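Working notes for the structure below.
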Amino acid sequence: MPRVVFTPNLRRHVDCPEADVAGVTVRSALDAVFAANPKLRGYVVDEHGRLRTHMVVYVDGEPVKDRDGLGDAVRTDGEIYVMQALSGG
Amino acid sequence: MSERLHVATHKGVFTVDRGPSGWAVSKVDFLGDNATMLLQDPRDRTLYVALDHGHFGVKLHRSDDEGSTWTEVAVPTYPEFTEADEAKQAEAGEFGARRDFSKLGEFWELTPGGPDQPGFLWAGTIPGGLFYSADRGDSWQLVESLWHRDDRWQWFGGGKDSPGIHSVAVHPRNSSHVTVAISCGGVWVTEDGGETWNHRTSGMTADYMPPDKADEPNGQDPHRLVSCPSRPESLWVQHHCGIYRSTDAGENWQQVTEAGPSTFGFAVVTHPDDGDTAWFVPGVKDECRVPVDGRFVVTRTRDGGNTFDTLTNGLPQTHAYDVVYRHALDVDRTGNRLAMGSTTGNLWVTENGGDDWTTVSTHLPMVHCVRFGA
């Protein structure tokens, strides 16, 4: 199963340990995390499910292309890393 | 008199208590976080703090025990930006980025509903949203009657990139009568709890607009609107272009042209029992937002704006560049005690209506909101 890792900076505000979840896209993997941890959702995506402006998601070291739909594919042994973008300062 | 102050700053929320040796910070919550708005509901003493985490979005926290413990509650959510919205935006010439109109940018006002509406809150937001919660922030509903007006597309940002609602005044004896002020979008009133809305800007002039548009209701930039609790038809507005007064609930506005060193500013409060008394914190003008001649003063009228006192005792009079934002000046229930915090982290209190000011701190983070404890 893909592993989802969140920036340590986010842990200051909301509990978000690493998680191994089912999912073939970034969206489905993150949805699986959010289902178990609903409060986390609003810290990563906006009210329409789009990646927040100053957040970035890497899949196996590459930034996702589909920031709105989060449809980028994830391998079963892939790693999704959720972090702050430098654009926010 | 209130013996406690709540101060929301760019780097946390400070509780300031009045002890035997004066006012002092007693507690810090959310240290390091940008607290943009704060409310202590006088009906049930619940505390609310709005945070803007930047990367992680806008959040609202609630406390039922004076800030000992906090619970994160819901925030307002905006409808998706549609193709129809895009067409209306283009027609109006609005220049905001389309995505800015579909997501919460900032809590800019939190106001309790009326005494007959326990737990009911109003929230003004950027971009240009008015929301209400009937359950102390557990859920929020958009006031669609205002949001879906076609002339909303004539609103525009003033200082901020997008228009925002920063003032909500609820009539103390009629909770359905609510007055709202928008930068930039004018002054609006509902008398049926938000079903219908009407402009209340007659007499206001915006000198930054083309001359033939200077009186346009949607083009007015009230920086802050307050009403007198015991005389709610008495309203004051610190406008981008000066000070305005209404004695008929906003039906007509009279401009105050002389008020000490300047009529430009952001903050205004009015005496809870005397609608003719109001305080302002002036700056030079819109393109130079600092105190006149580096002298930081408060101006006060006690006669409805005919004359003003310029209050300086205890305030810095050389090379002071403090600005007091629109929510960073408050008056307590007696009308004698006021407090204000500045963009450069100064916090002052007066016990005698502004005649003398005491410095509480000179090194807080930038102050966004000051509220006396309920």
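The values are calculated or read from the model by the stated rules, or taken from the named source; none is laboratory data. Bear in mind that the values here come from a model prediction, so they are computed numbers and not experimental data. Because the Cβ atoms are built from the backbone with ideal geometry, glycine has one as well, and the counts that use them run over all protein chains shown. The accessibility values were calculated without ligands, DNA or RNA, using every heavy atom of the protein model including side chains. Shrake-Rupley method; radii C 1.70, N 1.55, O 1.52, S 1.80 Å.
One table, with the values for the structure above:
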| read-out | value |
| --- | --- |
| C-alpha center-to-center spacing [region B:203-242, region B:1-54] in angstrom | 29 |
| Label point distance in nm, B:Asp161-B:Ala87, each placed 7 Å from Cα along Cα→Cβ | 2.7 |
| Check: chain B dipole with +1 on Lys, Arg Cβ and -1 on Asp, Glu Cβ, in debye | 820 |
| Per DSSP, loop chymotrypsin sites (Phe, Trp or Tyr not before Pro) in region B:53-137 with at most 11 further Cβ within 10 Å | B:Phe95 |
| Principal axis dimensions, largest first and in whole angstrom, of region A:3-88 by Cα | 29, 26, 23 |
| Cut-off under 5 Å, modelled amide H: who pairs with B:Gly113 long-range | B:Phe120, B:Leu121, B:Trp122 |
| Per DSSP, loop trypsin sites (Lys or Arg not before Pro) in region B:288-340 with at most 16 further Cβ within 10 Å | B:Arg289, B:Arg295, B:Arg302, B:Arg333 |
| Estimated [θ] at 222 nm from DSSP helical runs (n ≥ 4, -39500 (n - 2.57)) normalised by residues in the protein assembly as shown, nearest 500 | -2000 deg cm²/dmol |
| Kirkwood hydrodynamic radius (C-alpha pairs) into Stokes-Einstein, region B:214-258, 10 °C and 1.306 mPa s, D in µm²/s | 147 |
| Per-residue average of Cβ from other chains inside 10 Å of A:36-46 | 3 |
| Karplus (6.51, -1.76, 1.60) ³J(HN,Hα), θ = phi - 60°, over region B:150-160, in Hz, Gly and Pro reported as x | 4, 6, 4, 5, 8, 6, 8, x, x, x, 8 |
| Reachable aspartates and glutamates, given that their alpha-carbon falls under 16 Å from the alpha-carbon of B:Lys11 and they are not under 8 places away in the same chain | B:Asp29, B:Asp33, B:Asp52, B:Glu106 |
| Ratio Rg/Rh, restricted to region B:7-108 and using Cα atoms, in which Rh is the Kirkwood radius | 1.14 |
| Signed unit charges on C-beta, dipole axis of region B:1-160, positive-most listed residue B:Leu5, B:Tyr48, B:Trp153 | B:Leu5 |
| Chain B, Rg to Rh (Cα coordinates; Rh as Kirkwood inverse mean 1/r) | 0.94 |
| At R0 = 25 Å, FRET efficiency that the Cβ-Cβ distance of B:Thr69 and B:His363 yields, to 0.05 | 0.35 |
| Backbone HN-Hα couplings from phi across region A:31-40 [Karplus 6.51/-1.76/1.60, Hz, Gly and Pro as x] | 4, 5, 5, 5, 4, 8, 9, x, 5, 5 |
| Extension gain (nm, one decimal) between B:Val284 and B:Asp150, 0.36 nm per residue minus Cα-Cα | 44.7 nm |
| Other-chain or far-sequence residues with amide H under 5 Å of B:Gly105's (modelled H) | B:Ile126 |
| Sequence-distant lysines (8 or more away, or on other chains) whose Cα lies within less than 16 Å of B:Lys103 | B:Lys59, B:Lys160 |
| About the Cα centre, charge dipole magnitude for the protein assembly as shown (Lys/Arg +1, Asp/Glu -1 at Cβ), debye | 920 |
| Dipole axis of chain B (+1 Lys, Arg; -1 Asp, Glu on Cβ), positive-most option in B:Trp236, B:Cys288, B:Val189 | B:Cys288 |
| Debye-sum result for region B:74-206 in log10 I(q)/I(0), which assumes one identical scatterer on each alpha carbon, at q = 0.11, 0.16 Å⁻¹ | -0.37, -0.78 |
| Selection from B:Gly32, A:His48, B:Leu130, by position along the positive dipole direction of the protein assembly as shown (Cβ) | B:Gly32 |
| Candidates per trypsin sites (Lys or Arg not before Pro) in region B:6-107, loop by DSSP, up to 13 other Cβ within 10 Å | B:Arg45 |
| Percent breakdown of C-alpha pair distances by 10 Å bin, ordered from the shortest bin, for region B:275-323 | 28, 47, 24, 1 |
| Heavy atoms of B:Glu351: accessible area, 1.4 Å probe, square angstrom to 10 | 70 |
| Nearby aspartates and glutamates by direct alpha-carbon distance to A:Lys39 (threshold 15 angstrom, same-chain neighbours under 8 apart not counted) | A:Asp15, A:Asp31, A:Glu47, B:Glu72, B:Asp138 |
| Interchain or long-range residues, amide H under 5 Å from B:Phe264's placed H | B:Gly283 |
| Translational diffusion coefficient (Stokes-Einstein; Kirkwood radius from C-alpha pairs) of the protein assembly as shown at 4 °C, 1.567 mPa s, in µm²/s | 56 |
| Charge dipole (debye, nearest 20) of region A:3-88; +1 at Cβ of Lys and Arg, -1 at Cβ of Asp and Glu | 280 |
| Percent of Cα pairs exceeding the 19 Å cut-off, where the set is region B:276-374 | 37 |
| Spacing of the two label points (7 Å from each Cα toward its C-beta) at B:Asn306 and B:Lys27, in nm | 4.6 |
| Solvent exposure ordering (accessible area, 1.4 Å, most first) of B:Met209, B:Met37, B:Met366 | B:Met366, B:Met209, B:Met37 |
| ³J(HN,Hα) computed for each position of region B:179-184 - Karplus, 6.51 cos²θ - 1.76 cosθ + 1.60, integer Hz, glycine/proline x | 10, 10, 10, 10, 10, 9 |
